[in-house]
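For reference, the structure discussed in these notes is given below.
Read the figures in this text as sums done on the coordinates, not as results from a lab. Note that the structure is a prediction, hence the values are computed from the model and not measured. Neighbour counts run over all protein chains shown; Cβ positions are idealised from the backbone, glycine included.
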Amino acid sequence: MNPFSIINPSTDEEICQVEEGTKDDLDKTIEAAKKGFQYDSPWRKLDPAARAQLIHKLADLLPRVVDYL
């Protein structure tokens, strides 16, 4: 694993450390994004307000698993 710091540019403070992804991680991410916006994708067909609600729910849940991630 190769962690690196995320720095707040306005304060030069470290916000957090994250692990560097691999090429395989990147390939999986790109493929998931492509699938999410295919013409017949349920995500693409979802109303933008409903998408926003799901993203907000995810943001609310992330702090519960931040140590695991």
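In the Gaussian network model of the chain, springs joining C-alpha atoms below 10 Å, which of ASP27, ASP12, ASP40 carries the largest mean-square fluctuation?
Top of the fluctuation ranking is ASP12.
What is the angle, in °, between the Cα long axis of helix 48-65 and the longest principal axis of the Cα atoms in the chain? Nearest 10 is fine, range 0 to 90.
The helix 48-65 is inclined about 40 degrees to the chain.
Size of the dipole of the chain about the Cα centre, Lys and Arg at +1 and Asp and Glu at -1 on the beta carbon, nothing else charged, in debye to 20?
580 debye
Using just the helices of the chain, give the 222 nm mean residue ellipticity in deg cm²/dmol: DSSP H runs with n ≥ 4 each add -39,500 (n - 2.57), and the total is spread over all residues, rounded to 500.
After summing the helix terms and dividing by the residues of the chain, the value is -16000 deg cm²/dmol.
Provide the gained length on full extension for the span PHE4 to TRP43, in nm with one decimal, where the gain is 0.36 nm per separating residue minus the Cα-Cα distance.
That works out to 10.9 nm of additional length.
If the reach is capped at under 14 angstrom between alpha carbons, list the aspartates and glutamates near LYS23, excluding any in the same chain fewer than eight residues apart.
GLU31
Describe numerically, in nm with one decimal, the distance between label points set 7 Å from Cα along Cα→Cβ at ILE15 and at ASP27.
It is 2.9 nm.
What number does region 22-69 give for Rg over Rh if you use C-alpha atoms and the Kirkwood radius?
Result for region 22-69 is an Rg/Rh of 1.07.
By how many degrees, 0 to 90 and rounded to 10, does the Cα axis of helix 23-36 deviate from the longest principal axis of the chain?
Here the helix axis deviates by roughly 30 degrees.
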